[in-house]
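Novice: After the structure tokens below, expect a handful of questions from me.
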Amino acid sequence: MDIVFRGIFLFAFIFLLTRVIGRRELSSLEPFDLILLIVLGDLLQQGLTQDDYSVTGAVIAIGTIAVLQLLVSYTSYKFPRARRVLDGDPIVLLQDGEVIERNLKRERITQEELAAQARGQQIASLADVQWAVFEPSGTISFIPKKQ
Amino acid sequence: MADVPDALVLKRDRDLEGRQNEIWIRRALMALVAAVPLVALFNVFGQHAQTTTLVAPAASLKIDAPTHFRGGLLYQARFHVTAREELKDAYLVLGAGWAEGMTINTIEPSPISESSNNGRISFELGHIPAGESHILFTDFQVNPTNVAFGRRQTVWLTDGKTRLITYERKIDVFP
């Protein structure tokens, strides 16, 4: 029984953490981020099942997490207002080649980082971009100006 | 103005209308998350040992044991009995709260005998000459499913049936 409660609490905590920590931190997977991710998973496992090495315990824990994830996904799909809270909204970072400083600052993104992201999508200059949108997933979408 | 990409709402997603508070909510929640390790530094979640010394005319008892625990952790409780007068047959009696939801791994040195004293755990330490000490090390592990707030742990030091010292403390066990 306690594994279910642990699962619910830890799921909620990790969900909260991923929402408040900011999308930018989650979008990249640098070597350090990868190590952090593994460490986080290990710490979670300890708190979730502790000394329970049984298959039953693992099934309960995995089942709990799976159901919660499904619940979040369904809620997000079914209720647009909840979606805004659970997933977040996109943020426009650039329009007509002009960066929107206030929005960049809000998401702690520098112009240099934005330009680097654009280069990653074969866009040489931000002036060639019609829209740059910071997506809820943490990626930046670039829509080039029409020629 | 160029076509706005589908599903983008400029007032909301560019001008952030109605979203001004989002950043503050996020910061507040982050502060809440950061507060947990900060609070932990002050031993709120254990398990730094606390020392309590109790003195009676015939003996003194020093207890070193944490009062805040977390499930699964190992810890030690040390009972340091010093005889100020000769103790012919000293007993250290622990209330049920000491063993509730805990695994007792070892007790060193082994007491002369262990018995139940009206539901309490009684360790016979034996004869302690005046001026000498007896240190009892007890090693515990918190059972992972053990959760408690304000659980009472009582200790009695007796010489035969004469009660010399009584001490009660409260412990918290975090899940």
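The values are calculated or read from the model by the stated rules, or taken from the named source; none is laboratory data. In this text the structure is predicted, and so the values were computed from the model without any measurement. When we count neighbours, we look across all protein chains shown, and the Cβ atoms used for this are built from the backbone with ideal geometry, even at glycine. These area figures cover heavy atoms from the full protein model, side chains too; ligands, DNA and RNA do not enter into them. Shrake-Rupley method; radii C 1.70, N 1.55, O 1.52, S 1.80 Å.
Novice: Of all strands (runs of 3 or more DSSP E) completely enclosed by the stretch B:36-89, which ones contain at least 3 residues that are within 14 Å of the chain's Cα centre (by Cα) and modelled with pLDDT of 95 or more?
Specialist: Output list reads B:59-66, B:74-83.
Novice: Something else: Return the pairs, sorted by first residue and then second, in which the second residue is open to solvent by 30 Å² or more (accessible area, probe 1.4 Å) and modelled with pLDDT under 95, the first residue lies in the stretch B:94-114 and is on the phi > 0 side of the Ramachandran plot, the beta carbons are less than 6 Å apart, and the residues are 6+ apart or on different chains.
Specialist: Qualifying pairs under 6 Å: B:101/B:143.
Novice: Can I ask one more? Every residue in the stretch A:103-115 that is within 14 Å of chain B (Cβ to nearest Cβ) and either exposed (fewer than 13 other Cβ atoms within 10 Å of the Cβ) or in a strand (DSSP E or B) (or both), please.
Specialist: Residues satisfying the conditions are A:105, A:108.
Novice: Exactly one condition in (1) closer than 30 Å to residue A:14 by Cβ; (2) within 14 Å of chain A (Cβ to nearest Cβ) is not met by residue B:38; state its number.
Specialist: The failed condition is (2).
Novice: Provide a single number: the residues in the stretch A:43-79 that are open to solvent by 80 Å² or more (accessible area, probe 1.4 Å) and not hydroxyl-bearing (Ser, Thr, Tyr).
Specialist: Qualifying residue count for the region: 13.
Novice: Here's another thing I want to ask about it. Filter the stretch B:147-168 down to the residues that are open to solvent by less than 20 Å² (accessible area, probe 1.4 Å) and either of a type outside the set (Ser, Thr, Tyr) or at positive phi (or both) and list them by number.
Specialist: B:148, B:153, B:155, B:157, B:165
Novice: Next up: Condition check: among the β-branched types (Val, Ile, Thr), more than 21 Å from the chain's Cα centre (by Cα) and assigned to a helix (DSSP H, G or I). Does residue A:39 satisfy that?
Specialist: When the stated conditions are applied, residue A:39 does not pass them.
Novice: Across the stretch A:81-102, which residue is nearest to residue A:20 (Cα to Cα) among those that are assigned to a helix (DSSP H, G or I) and at pLDDT 90 or above?
Specialist: The extreme case among them is A:102.
Novice: For the stretch A:82-102, give me each residue that is exposed (fewer than 14 other Cβ atoms within 10 Å of the Cβ) and more than 12 Å from chain B (Cβ to nearest Cβ).
Specialist: Correct list: A:101 only.
Novice: I've got another one for you. Of the numbered conditions (1) more than 9 Å from chain B (Cβ to nearest Cβ); (2) under 13 Å from residue A:143 (Cα atoms); (3) open to solvent by 30 Å² or more (accessible area, probe 1.4 Å), residue A:118 fails exactly one; give the number of that condition.
Specialist: Exception for residue A:118: condition (3).
Novice: For a quick check of your reading of the model, give me the residue pairs whose first member lies in the stretch B:126-152 and is closer than 30 Å to residue A:50 by Cα, whose second is open to solvent by 40 Å² or more (accessible area, probe 1.4 Å) and among the hydroxyl-bearing types (Ser, Thr, Tyr), with beta-carbon atoms closer than 9 Å and at least 6 apart or on different chains.
Specialist: Listed by first residue and then by second, the contacts come to B:137/B:106; B:138/B:106; B:139/B:106; B:140/B:103; B:141/B:103; B:142/B:103; B:143/B:103.
Novice: Restricting attention to the stretch B:105-136, which residues are closer than 18 Å to residue B:59 by Cα and part of a strand (DSSP E or B)?
Specialist: Once the filter is applied, which keeps residues that are closer than 18 Å to residue B:59 by Cα and part of a strand (DSSP E or B), the stretch B:105-136 yields B:122, B:123, B:124, B:125, B:126, B:127, B:128, B:133, B:134, B:135, B:136.
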